[in-house]
Amino acid sequence: MLDGKVLILNQNYEPLTVCTVKRALLMLFGGKALSVELRPEQVRSVSAAWAVPSVVRLARYVQAPVRRVVLSKRNLLKRDNYECQYCGARGERLTLDHVVPRKSGGPSTWENLVCACLACNNRKGESRPEQAGLQLRRRPRRPNNISYIRSFVGVTDHRWRPYLFFDDEPPEPLLAHPVAPTDESAR
Ligand SMILES: [Zn+2]
């Protein structure tokens, strides 16, 4: 129970990270956080009982540190939900594709690498998506706190959903022109 997961929101309700119930309770007792959503269970000591938090909010706004996720094939597969980013194929061997081909100066970055099935990768070859008649289903991005919790931590408690998924979420803008190489050191 104390090892269960709790979603931590910034003071402005922006999702930050996930911690254990134990750490969240210590934050609540210390006045550093406030309960936002509770689970039906309680934790008990000899003389007292506390509701188990599901979501807590920091009492004070913190400048969130930039989320660092290692750029690897494994993490790109997770980010892309194990789906070919051109045709949506799943469950077959996926490869990594440089949206702007390396030959044209396309960098190996979160913004220029996507998962692609063998068929799409072969069709695309050394060309840009639009030259091969392919279109990205969503814009490749570096994981932020929300996408990190969604894709890497996993949403293990339905009470987190209102803070991580938004009904009025605009569809991700598709790239009219693939990403230009970006300066990694500027991030
Ligand atoms: Zn495909």
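Bear in mind these aren't lab numbers, they're just calculated from the coordinates by the rules spelled out. This structure is a prediction, so every number in the text was calculated from the model and none was measured. Methodologically, a virtual Cβ is constructed for each residue, glycine included, from the backbone with ideal geometry; neighbour enumeration extends over all protein chains shown.
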Within the range 1-103, count lysine pairs with alpha carbon atoms under 23 angstrom apart where the residues are 8 or more positions apart or belong to different chains.
5
Net charge (Lys, Arg +1; Asp, Glu -1) of residues whose beta-carbon lies under 14 Å from that of Ala24, Ala24 excluded, is +3
Dividing the alpha-carbon radius of gyration of the range 1-138 by 2.2 N^0.38 Å, where N counts its residues, gives 1.53
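For a protection proxy built on the mean count of beta-carbon atoms within 10 angstrom, sort 17-23, 158-164 highest first, please.
The densest-packed peptide leads the list: 17-23, 158-164.
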Mind listing which trypsin sites (Lys or Arg not before Pro) in the range 98-156 are in a DSSP loop and have 13 or fewer other Cβ atoms within 10 Å?
Arg141
